[in-house]
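Take a look at the structure below.
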Amino acid sequence: MPVKVQQEDFDVGAEIAAFRRADPGIGAIASFIGLVRDVNEGDAIAGMSLEHYPGMTEKALAGIIDEAKQRWDIIDALVIHRVGALKPLDQIVLVVVSGAHRGATFAACEFIMDYLKTRAPFWKKEQTAQGARWVEARASDDQAAERWNQD
C-alpha cells in the first residue's frame, strides 16, 4: 500500500529497502523525511500532537500520489505519516518516490511533499511553555504548492 497513516515510528532503511525490491527497473529513489523541530516561530516546542480524519486522509494522500504519477514518469511512491503525540526529533513523515531517472523522481517527491503540506487533512497542535496552540497554515507552503499548478 502506497499510503500509511500510523502512530508507530518507521524504519526509513527498511521501508526504502522493501520499496525498492518491488521493481528491478528502478534506477532512482528520492526521499524526504520530516521531523519534529524543537522551535517554531521563536518558541520552544516540547512536543506536538497530530490529528487526522481517518479514511479521508488516506484517500487524499493516495490522490496526491496518483496526481504525481500522472505528471511525471515515475514507477511508484510511498507516503508514511505519523499521527498522535510526538516530541522533538521524532520522525513525522516519509515520502519515497522511485523512477527510472532522477529528474522526474526528485520533482515528484517534492511535489508530493508540497501537496501533502497543503491538501492533506492533518491538524497539528504544538505544546509550548505558553500552552498548547494549533499550527496555522503557512503562506510559504501555499506558495510552494502553487508553483505546481498547471494553467
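The values are calculated or read from the model by the stated rules, or taken from the named source; none is laboratory data. Please read these numbers as outputs of a predicted model, since none were measured by experiment. Ideal geometry is used to build each Cβ from the backbone, glycine not excepted, and the neighbour counts take in all protein chains shown. All accessible areas refer to the heavy atoms of the entire protein, side chains included, with ligands and DNA or RNA removed. Shrake-Rupley method; radii C 1.70, N 1.55, O 1.52, S 1.80 Å.
General observations
- Strands (runs of 3 or more DSSP E) fully within the stretch 74-116 counting 2 or more residues that are under 23 Å from Pro24 (Cα atoms), open to solvent by less than 10 Å² (accessible area, probe 1.4 Å) and touching a Leu at 6+ places or on another chain (Cβ under 9 Å): 74-82, 91-99
- Complete set of residues in the stretch 42-66 that are open to solvent by less than 60 Å² (accessible area, probe 1.4 Å) and either basic (Lys, Arg) or under 15 Å from the mean Cα position of the chain (by Cα) (or both): Leu50, His52, Thr57, Glu58, Ala60, Leu61, Ala62, Gly63, Ile64, Ile65
- If you go through the stretch 42-70 and keep only what is hydroxyl-bearing (Ser, Thr, Tyr) and modelled with pLDDT of 95 or more, you end up with Ser49, Thr57.
- Single condition Arg133 does not satisfy, out of (1) modelled with pLDDT of 95 or more; (2) more than 18 Å from the chain's Cα centre (by Cα): (1)
- Looking across the stretch 28-41, the residues that are open to solvent by 40 Å² or more (accessible area, probe 1.4 Å) and either modelled with pLDDT under 95 or basic (Lys, Arg) (or both) come down to Arg37, Asp38, Val39, Glu41.
- Ala144 being part of a helix (DSSP H, G or I), small (Gly, Ala, Ser) and farther than 23 Å from Gln6 by Cβ: yes
- Filtered residues of the stretch 122-148 (kept if over 13 Å from Ser49 (Cα atoms) and either hydroxyl-bearing (Ser, Thr, Tyr) or surrounded by 14 or more Cβ atoms within 10 Å (Cβ to Cβ) (or both)): Ser140, Asp141, Ala144, Ala145, Trp148
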